[in-house]
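Asker: Please see the structure below; I have some questions.
The values are calculated or read from the model by the stated rules, or taken from the named source; none is laboratory data. Source: prediction; values computed, not measured. Positions of Cβ are backbone-derived with ideal geometry, glycine not excepted, and every protein chain shown enters the neighbour counts.
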Amino acid sequence: MIKVENLVKRYGSHVAVDHLSFQIDTGKIYGFLGPNGAGKSTTMNIMTGYIAPSEGTVTINGHDIVKEAEEAKQCIGYLPEMPPLYQDMTVREYLTFAAELKKIPKKERAQQIHEIMDMTMIADMEKRLIKNLSKGYKQRVGLAQAILGYPEVIILDEPTVGLDPKQIIEIRGLIKKLGEKHTVILSSHILSEVQAVCDEIMIISKGRLVASDTPEGLTGLMNGKASLEAHILGEKEEVETVIRGLSGITNYSIESSHEADCVKAVLETDAKEDIRVPLFYALADKKLPVLALSRLEKSLEDIFLELTGEAAEKQEAEPDIERQVQEKEEEGGNHDESNL
Ligand code: ADP
Ligand code: MG
């Protein structure tokens, strides 16, 4: 439904987007993940017709975003990185204005604005001037504007940037809800965010697509291999005999464990193989108790860092905000909206 082909954007000699091609299918939440400067906003700005590409095409439901801009834009709602909010309008005035721009039929406007203000939880603020709203509320007004007209595709550029942990939880919840009825594309430089929210992750680095898969698929992508670690009560030789008798193991090592009379076996298999059940029974057969069995997976973070070569990015302050988000989620105290 959205087809991006060989997209290039040059700023002078700088290539911000470098021959990017991908396809977006209906009904999923997609995440553009990449460090700052990767080209996420540039790509989104081209996809939504805000800026023109240097080369390449974007087609939305068959409409070229450059040649058939109006038809193409009808299918998209966009929350840019800096939403163009009119500070001296009230929330309702702004949404009415946006509805007019989107050519929503006059008799549907009031109803839609009502529904969307409810959905984004800004109804209480409808008479407030936008300039007097907190960052969290401003972001929701921007989001409401993107949802107006109920476009098939909703594109959100870093929708949680600059928000506090509680606001982040709420916006992520709202995005998930939107994903039930719309195709959503969001960008983020925060790995755990796309992992928590998205069905498909597209990793962008230096203007190029370096990986595209589900969060699970990306984790499994690493060399196509999976590793298991087993702590087994028994002699090394006995354990080795059992392991040699199992199919699907491509490599293994067995060493003595920190626990007395135990060995630690690390088994490598093809990513698609899951040998935990046959391994368990084969060891049980030989009266070799499995005391612990776990999968050793490379985290998505390892993969991201490997693909983008952005080890330094990891040192940023983000993990801290993520920790706060997690703490808040665990608290479950998500009802008080006073600081939004
Ligand atoms: P992201 O959104 O992933 O952080 P951007 O798309 O904003 O990345 O930027 C990609 C690259 O293009 C960056 O190196 C940025 O400095 C450059 N860039 C973006 N917009 C412009 C512009 N208007 N003029 C010149 N360079 C730009
Ligand atoms: Mg950006």
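Asker: Taking the criterion of being part of a helix (DSSP H, G or I), within 7 Å of ligand 1 (Cβ to nearest atom) and either free of Cβ contacts under 8 Å to residues at least 40 places away in the same chain or closer than 18 Å to residue 304 by Cβ (or both), would at least one residue in segment 7-19 satisfy it? Show your work before the answer.
Answerer: Keep residues of segment 7-19 that are part of a helix (DSSP H, G or I), which gives none.
No, because not a single residue in segment 7-19 is part of a helix (DSSP H, G or I), within 7 Å of ligand 1 (Cβ to nearest atom) and either free of Cβ contacts under 8 Å to residues at least 40 places away in the same chain or closer than 18 Å to residue 304 by Cβ (or both).
Asker: Can you tell me which residue is nearest to residue 210 (Cα to Cα) among those in segment 39-88 that are among the charged types (D, E, K, R) and within 16 Å of ligand 1 (Cβ to nearest atom)? Quick ask: steps written out before the conclusion?
Answerer: Initial filter on segment 39-88 (among the charged types (D, E, K, R)): 40, 55, 64, 67-68, 70-71, 73, 81, 88.
Add one more test, that the residue is within 16 Å of ligand 1 (Cβ to nearest atom), and what stays is 40, 55, 81.
Values: 40: 13, 55: 19, 81: 23 Å.
Top of the filtered list is 40.
Asker: In addition: Hey, can you tell me all the residues within segment 104-133 that are in contact (Cβ under 8 Å) with a residue 12 or more places away in the chain and surrounded by fewer than 15 Cβ atoms within 10 Å (Cβ to Cβ)? Before you say what the answer is, go through the steps one by one.
Answerer: Applying the first criterion (in contact (Cβ under 8 Å) with a residue 12 or more places away in the chain) to segment 104-133 yields 104, 109, 112-113, 116-117, 119-122, 125-131, 133.
127, 131 - these are the residues of segment 104-133 that are in contact (Cβ under 8 Å) with a residue 12 or more places away in the chain and surrounded by fewer than 15 Cβ atoms within 10 Å (Cβ to Cβ).
Asker: Restricted to segment 76-90, and to residues that are under 17 Å from residue 43 (Cβ atoms) and not aliphatic (A, V, I, L, M), which residue is surrounded by the most Cβ atoms within 10 Å (Cβ to Cβ)?
Answerer: Pass one, segment 76-90, residues under 17 Å from residue 43 (Cβ atoms): 76-82.
Imposing the further condition that a residue be not aliphatic (A, V, I, L, M) reduces the set to 77-78, 80-81.
Numbers: 77: 25, 78: 22, 80: 17, 81: 14.
Across segment 76-90, the extreme among qualifying residues is 77.
Asker: Follow-up question, since we're still on this one. Mind checking which residues of segment 191-206 are within 9 Å of the chain's Cα centre (by Cα) and in a loop (DSSP other than H, G, I, E, B)? Please lay out each step first, then the result.
Answerer: Residues of segment 191-206 that are within 9 Å of the chain's Cα centre (by Cα), as a first pass: 191-202.
198, 199 - these are the residues of segment 191-206 that are within 9 Å of the chain's Cα centre (by Cα) and in a loop (DSSP other than H, G, I, E, B).
Asker: Go through segment 1-34 residue by residue and tally those that are surrounded by 20 or more Cβ atoms within 10 Å (Cβ to Cβ), within 16 Å of residue 201 (Cβ to Cβ) and either within 14 Å of ligand 2 (Cβ to nearest atom) or at pLDDT below 95 (or both).
Answerer: Total meeting the criteria: 4.
Asker: Taking only segment 35-73 into account, find how many residues are surrounded by fewer than 22 Cβ atoms within 10 Å (Cβ to Cβ), more than 16 Å from ligand 2 (Cβ to nearest atom) and among the small types (Gly, Ala, Ser).
Answerer: The number of residues fulfilling the criteria is 6.
Asker: Of the residues that make up segment 91-102, is at least one surrounded by fewer than 16 Cβ atoms within 10 Å (Cβ to Cβ), in contact (Cβ under 8 Å) with a residue 40 or more places away in the chain and not assigned by TED's automatic domain parsing to the domain that holds residue 70?
Answerer: Keep residues of segment 91-102 that are surrounded by fewer than 16 Cβ atoms within 10 Å (Cβ to Cβ), which gives 93, 97, 100-101.
Imposing the further condition that a residue be in contact (Cβ under 8 Å) with a residue 40 or more places away in the chain reduces the set to none.
Scanning segment 91-102, I find no residue that is surrounded by fewer than 16 Cβ atoms within 10 Å (Cβ to Cβ), in contact (Cβ under 8 Å) with a residue 40 or more places away in the chain and not assigned by TED's automatic domain parsing to the domain that holds residue 70, so the answer is no.
Asker: A further question follows. If a residue has to be part of a helix (DSSP H, G or I), free of Cβ contacts under 8 Å to residues at least 40 places away in the same chain and among the small types (Gly, Ala, Ser) to count, how many in segment 149-190 make the cut?
Answerer: Residues flagged as part of a helix (DSSP H, G or I), free of Cβ contacts under 8 Å to residues at least 40 places away in the same chain and among the small types (Gly, Ala, Ser) within segment 149-190 amount to 1.
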